[in-house]
Amino acid sequence: RLVGVCHRVEAGCGAPAQRAAGLEPAVQSVPRGHAGLAFALPGVCAALAAGRIEAALVGGIDTCYDADAVEELLAAGRLYDGKNLEGFIPGEGGAFLLLSRADLGRPLRWSAAARLDAVAYADEPAAADADAPVTGEALTRAVRAICDPLEAAGRKVDWWLSDLTHERDRVREWQLVMPRAMVGVSEGEPVLELLSPFLGDLGAAALPTALVLAAEGFTRGDPPTARNCLACAASAGPGRAAVLLSSAVAPAART
């Protein structure tokens, strides 16, 4: 829904001229819905690591409150309206994170709340065919791409955040993915939380919001046992993604 806006912002920042000069564009848009941020992060991290940029503001904005969006969702039978219990509650939001290398942040006295440990994404084949059965294949691949190394290192996921809604296919996908995702990395009492019951479906803002909440949680010590957080997202299209953050806040500094 915001593709046109993103393109206008990018054009207004002079990105085409910068590309022609071989420079990194000031603004780049990745319109991939809920999972969009994960598709953007590898390029951002590569630019940071190579020193082409010193910092990046990454995130997403979206709305389901627009009249045209509501009409489209109602026509598709996707909106929760008191009768359609398998629809989702619409939301609206925006969230952004500032990313930089630690060696650049320290001289500027930036206090890091979290470290970006891993990003993984995949495309769900079944998303292209409305009649195809839900398999959870892509989201499983994305999550296990992060969890397999954790399991091999004897580490656990302390906190899971998801953009899961009440839509039937989304619930079915989650039911298929989570037993595969959590095996070997979720012993004890991991925290599992969903965004949509509290904030509605945030669309492209869902994954950025999850990461901001995780970073803020690390700062506050809430959940108190969480030293890392794995956030999962599934777009209305094929995109599926997972991002792992770990706390950069010393336990004594938590408020």
Legend entry - Selection status of residue 196, touching a residue at least 12 places away in the same chain (Cβ under 8 Å), of a type in the set (S, T, N, Q) and more than 13 Å from residue 34 (Cβ to Cβ): no
Inset, instruction - Answer yes or no as to whether residue 217 is assigned to a loop (DSSP other than H, G, I, E, B) and either under 30 Å from residue 126 (Cβ atoms) or out of contact with any Phe, Trp or Tyr (no Cβ under 7 Å at 6 or more places or on another chain) (or both). - result: no
Inset, instruction - Name the helices (runs of 4 or more DSSP H) wholly inside the range 1-80 in which the number of residues that are at pLDDT below 85 is 3 or more. - result: 3-12, 15-20
Legend entry - Residue check, residue 162 of a type in the set (S, T, N, Q), at pLDDT 95 or above and within 18 Å of the chain's Cα centre (by Cα): yes
Legend entry - Residues being of a type in the set (D, E, K, R) and in a helix (DSSP H, G or I) - total across the range 194-207: 0
Inset, instruction - Identify all residues within the range 100-129 that are among the aliphatic types (A, V, I, L, M), modelled with pLDDT of 90 or more and over 14 Å from residue 141 (Cα atoms); write none if there are none. - result: 112, 113, 114, 116
Legend entry - Residues that are of a type in the set (Gly, Ala, Ser) and surrounded by 20 or more Cβ atoms within 10 Å (Cβ to Cβ), drawn from the range 155-185: 162, 181
Legend entry - Residue match in the range 235-249 (condition: of a type outside the set (Val, Ile, Thr) and free of Cβ contacts under 8 Å to residues at least 12 places away in the same chain): no
Inset, instruction - May I ask you to list pairs of residues, at least six apart or on different chains, whose Cβ atoms are under 6 Å apart, with the first in the range 130-147 being within 17 Å of residue 162 (Cα to Cα) and the second being part of a loop (DSSP other than H, G, I, E, B)? - result: 138/124; 147/185
Legend entry - Of residues in the range 139-162 being out of contact with any helix residue (DSSP H, G or I) (no Cβ under 9 Å at 6 or more places or on another chain) and part of a loop (DSSP other than H, G, I, E, B), the one farthest from residue 224 (Cα to Cα): 153
Inset, instruction - Considering (1) without any contact (Cβ under 8 Å) to a residue 40 or more places away in the chain; (2) closer than 17 Å to residue 164 by Cβ, say which one residue 47 fails and leave the rest. - result: (2)
Legend entry - Scan of the range 163-193 for residues that are assigned to a loop (DSSP other than H, G, I, E, B), β-branched (Val, Ile, Thr) and under 22 Å from residue 85 (Cα atoms), ordered by number: 165
Legend entry - Top-ranked residue of the range 50-100 - restricted to ones that are basic (Lys, Arg) and touching an Asp or Glu at 6+ places or on another chain (Cβ under 8 Å), ranked as nearest to residue 196 (Cα to Cα): 78
Legend entry - Subset of the range 194-205 (residues that are more than 16 Å from residue 159 (Cα to Cα) and buried (at least 24 other Cβ atoms within 10 Å of the Cβ)): 201, 202, 203, 204, 205
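The values are calculated or read from the model by the stated rules, or taken from the named source; none is laboratory data. Owing to the predicted nature of the structure, the values given are computational and were not obtained by experimental measurement. When we count neighbours, we look across all protein chains shown, and the Cβ atoms used for this are built from the backbone with ideal geometry, even at glycine.
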